[in-house]
Amino acid sequence: MAKRAKKKTTGLRPATTLVHGGIERSRFGETSEAIFLTQGYVYETAESAEARFKGDDPGHVYSRYSNPTVAMFEERMRLMEGAEAARATATGMAAVNIALMAGLKAGDHVVAAKALFGSCRYIIEDLLPRFGVTSTLVDGADLAQWKKAVKKGRTRAFFLESPTNPTLEIVDIAAVAEIARKAGARLIVDNVFATPLMQKPLELGADVVVYSATKHIDGQGRCLGGVILGGADFIDDVHTLLKHTGPSMSPFNAWVLLKGLETLPIRVDRQAASAAILADRIADHPAVKRTLYPGRADHPQAALAARQMTGGSTLVAFDVKGGKKGAFAVSNALKITRISNNLGDAKSLVTHPTTTTHQRLSEEARQELGITQGLLRLSVGIEDVEDLWEDLSQALDKAR
Ligand SMILES: *Cc1c(COP(=O)(O)O)cnc(C)c1O
């Protein structure tokens, strides 16, 4: 639950915060965070139950509302992000959906970048209109389009991802935040691709940050989860919506994710370093038409990426010659990197967006986003980079 007067950070560096932040030990003094697999809580007296329900006593009431293990995960994320408050959700999509719904009502309008994770685009394009919330999709990199899309007095939210999936395009968060502020709209940033380590949307002026914890935060392919971070008042509204509609995080998943946060910097540093090396080698391979990596000088927005992010990315996108045939040949020839639509995992994974994650879009919509038939998205894992390259180069050789 949102609490107002909390310190926004531990004052310690991220790697330390991610190991120790938010821990609350039980009377047994356990080293590792305890898993409180309980639906509910018992009260010493009827009076104490009454006080809990009234909110006079801050203890837990029911695990759909809050849970000690989930609360530790929320607090660690809050301290990492430097937010006033945080709430965990069952999945990343629950986080996106609740973050949007909490601040919108019929008659409102949303502006979103069109390069969005498929389900986010479904919520904005298909779901919100059913409840009277209209939307405009813009080219996220074109600031004039954000400005032009604002409907005076009606635009209540801006939504974007940066870097985007799968083409790793960068949106200027500070500039869009300024346009949102002038419009009186809340800027919600889906920060999955950058991770809390490489980009700080709240410092850049965003109001709300959401994550799919399923990705780098778990990072070992085990469970789904999400989190919403922002101002205390907004997170109070999020809490109300969450507790009454139900997509709460399981305490077991919260525990897995707490363990994931401990190793997040080690994994992400390694993944991003390997991704930078692989991006350069992929770009030099004759089977590749174009390589997209925010840490490379030839990225169309390299300067913006360097200003806004403290690292490149753990993902690399590249266009294989020969279109779908070439991309499939590379995917099928890979032995270490596996074909999967997940990302941020310890295991390297490759995706062909056109036929999987972005299959729902029309060919025209895909072309608009630069999602070509030959495009592959590589999520770089923590394996030895030389093994990854040997595997990738033999696969690329086969596509020629
Ligand atoms: C995966 C993902 C989501 C959705 O998260 P789930 O945990 O799968 O529900 C939302 N946004 C982005 C950018 C993602 O990569």
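The values are calculated or read from the model by the stated rules, or taken from the named source; none is laboratory data. Source: prediction; values computed, not measured. So basically every Cβ, Gly included, is an ideal-geometry build from the backbone, and we count neighbours across all protein chains shown. Accessible surface is based on the protein model in full, side chains and every heavy atom, while ligands, DNA and RNA are left aside. Shrake-Rupley method; radii C 1.70, N 1.55, O 1.52, S 1.80 Å.
What the table shows:
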quantity	calculated
Qualifying residue in the stretch 99-113 (condition: outside any strand (DSSP E or B) and under 13 Å from the mean Cα position of the chain (by Cα))	yes
From the options V330, V350, residue that is more than 22 Å from A113 (Cα to Cα) and within 16 Å of the ligand (Cβ to nearest atom)	V350
Residue tally, condition exposed (fewer than 12 other Cβ atoms within 10 Å of the Cβ) and of a type outside the set (K, R), over the stretch 8-39	9
Selection within the stretch 171-200 - under 23 Å from D345 (Cβ atoms), out of contact with any Pro (no Cβ under 6 Å at 6 or more places or on another chain) and assigned to a loop (DSSP other than H, G, I, E, B)	V192, A194, Q199
Which listed residue, of R400, R360, is more than 23 Å from the chain's Cα centre (by Cα) and assigned to a loop (DSSP other than H, G, I, E, B)	R400
Output for the stretch 94-113, where each listed residue is within 16 Å of the ligand (Cβ to nearest atom), open to solvent by 10 Å² or more (accessible area, probe 1.4 Å) and in contact with a Gly (Cβ under 7 Å, 6 or more places away or on another chain)	A94
Count of the stretch 1-56 residues which are assigned to a helix (DSSP H, G or I), in contact with a Ser or Thr (Cβ under 9 Å, 6 or more places away or on another chain) and of a type in the set (K, R)	0
Filter pass, S162 being free of Cβ contacts under 8 Å to residues at least 60 places away in the same chain, under 24 Å from N342 (Cα atoms) and within 16 Å of the ligand (Cβ to nearest atom)	no
Residues within the stretch 116-151 that are touching a residue at least 12 places away in the same chain (Cβ under 8 Å), more than 16 Å from the ligand (Cβ to nearest atom) and either in a loop (DSSP other than H, G, I, E, B) or aromatic (F, W, Y) (or both), tallied	8
Some residue of the stretch 57-73 being assigned to a helix (DSSP H, G or I), of a type in the set (D, E, K, R) and more than 15 Å from the ligand (Cβ to nearest atom)	no
Pairs with Cβ under 8 Å, 6+ apart, first in the stretch 296-318 and in contact (Cβ under 8 Å) with a residue 40 or more places away in the chain, second surrounded by fewer than 24 Cβ atoms within 10 Å (Cβ to Cβ) and aromatic (F, W, Y)	none
